[in-house]
Each structure stands twice: as structure tokens, then as C-alpha cells.
């Protein structure tokens, strides 16, 4: 394991070394010490490496992640896993605003709570939050899955497209064009897989599914293949 201390070495050096692992994966395990809430830690990774952050991170931790597995043993600031493409990011604490924003793939797991706009404009990412999330979450979410074991704030799923939203707790209010939907067997299977992968000790049957009413579309989704 390569131990990198941000108290004695620079963040620029760290990210440069991690990003270079796309060509050299001999050093597959990294431990980052003394992050002290630093911004843009472990961004732009593109290799099958494991990175553990001992402490809390600031803005955009793990942004644009591809392939890597990142574990933050603390909390994170706004924009964790922003524009994530693949891989897995686990936050042991809480997350600030717009966690997983515009994520295209991979999985983001937040063991604590997430603030407002969690999963905004998500494009294929899977997000599992063990706690609660704030208002305007999943705003304009296009695809992927957002799973919340706790409660959800106002305007959930506003202007939603085709993302699937699963909530175990209560929803304060639904946003425009977001409605409660039937939980069919295929949804239970998807959700149970996500819960197991995220280490959540609960059953898919305990959740309610929400999705788009498709009233804001300017095309008919049933004819999407014709466009």
C-alpha cells in the first residue's frame, strides 16, 4: 500500500500520481492521510485502483471517477462523485449538496445523510443513501437509480425523466411530474441488488418507487426509437 500524507505532500502531486495509474497499476492500493477537508481529492481517476481517504474531504471528492474504488472515512463537501463514469465511491459519513450530480455510471454509497440536490441530473449512476436527503433531490434525473433508506425533503424528483427513485422513509413533497409508481418484480430485483451491494440491511419490499408521469416530455417515450 502507498501511503500519501497531504500534510507533507501536495494535492497536485497526489492527483497526478493517481491519474497516471491508467498506464501503471502495480501500486493498486493507496491511503491518503490528513486530507483536512481538502478539495478535489482523487479526481479524474481512470484505473482499477483502491483509494482510502482517512478523514473528511471538501468539494468534488472523486469527481469524474472511472473504474477506481474510493472510500472516504469521514464526510465530504459538495459535489462528491460529480460526473462519475464508473467504479464505486463510499462515504462513511455525510455528504453536502449535489452528491453524484450528472453521474453517468458506477455506484455512490453515502452511509450518513446527504444534503439538497442529491442526484441532480443523474445520467445512469446508482446512488444509495443510508440516511436522509434534502430538497430538490433527483431534479431532472435522466437515468439510473436513487435509493434512500431515510426521509426525503421537498420537491423530490422535480422535472424527472426516466431515473428510478426508491424511498424507504417519508417524502415531504413531490416535484413537478414525479409520481408514486407500482413496484413490479423487476424493480424489486434491481433494488435488492443495489441494497446488497451498498451494505444496507433492509428488504426491497420496504420501499416505495417513484418515477416520471411523463407529462413534460415533448415527445412520446413509446416512440423514442423513431427519433
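We did not get these values from a lab; they are worked out from the coordinates using the rules stated. Bear in mind that the values here come from a model prediction, so they are computed numbers and not experimental data. All Cβ positions, glycine included, derive from the backbone under ideal geometry; neighbour counts span all protein chains shown.
Results, tabulated for the structure shown:
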quantity	calculated
Cα gyration tensor shape for the stretch 40-123, rounded if a/c is under 1.5, else prolate or oblate	oblate
Contact order normalised by residue count of the stretch 95-225, Cα under 8 Å, 6+ apart, percent	18 percent
Most mobile listed residue (98, 60, 217) in the chain, GNM with C-alpha springs under 10 Å	217
When the convex hull of its Cα atoms is projected in every direction, mean area for the stretch 111-227 (nm²)	6.8 nm²
Listed residues 108, 188, 45, most fluctuating in the chain (Gaussian network, C-alpha, under 10 Å)	188
The chain: angle of helix 185-197 to the longest principal axis, Cα-based, in degrees nearest 10	20 degrees
Relative contact order computed over the stretch 2-215 (Cα-Cα under 8 Å; 6+ residues apart), in percent	10 percent
Centroid-to-centroid separation of the stretch 15-87 and the stretch 164-223 [C-alpha atoms, Å]	29 Å
Estimated [θ] at 222 nm from DSSP helical runs (n ≥ 4, -39500 (n - 2.57)) normalised by residues in the chain, nearest 500	-3000 deg cm²/dmol
Ratio of the Cα radius of gyration of the stretch 2-215 to 2.2 N^0.38 Å, where N counts its residues	1.00
Sequence of 126, 46 once ranked by neighbouring C-beta atoms within 10 Å, starting from the fewest	46, 126
Three-way shape label, the stretch 83-169, alpha-carbon gyration tensor, a/c 1.5	oblate
Candidates 79, 106, 169, ranked by Gaussian network fluctuation over the chain, Cα under 10 Å, top entry	169
DSSP beta bridge pairing in the chain, given as percent antiparallel to the nearest 5	15 percent
The stretch 1-90 - Debye-derived log10 I(q)/I(0), Cα point model, q = 0.14, 0.20 Å⁻¹	-0.38, -0.82
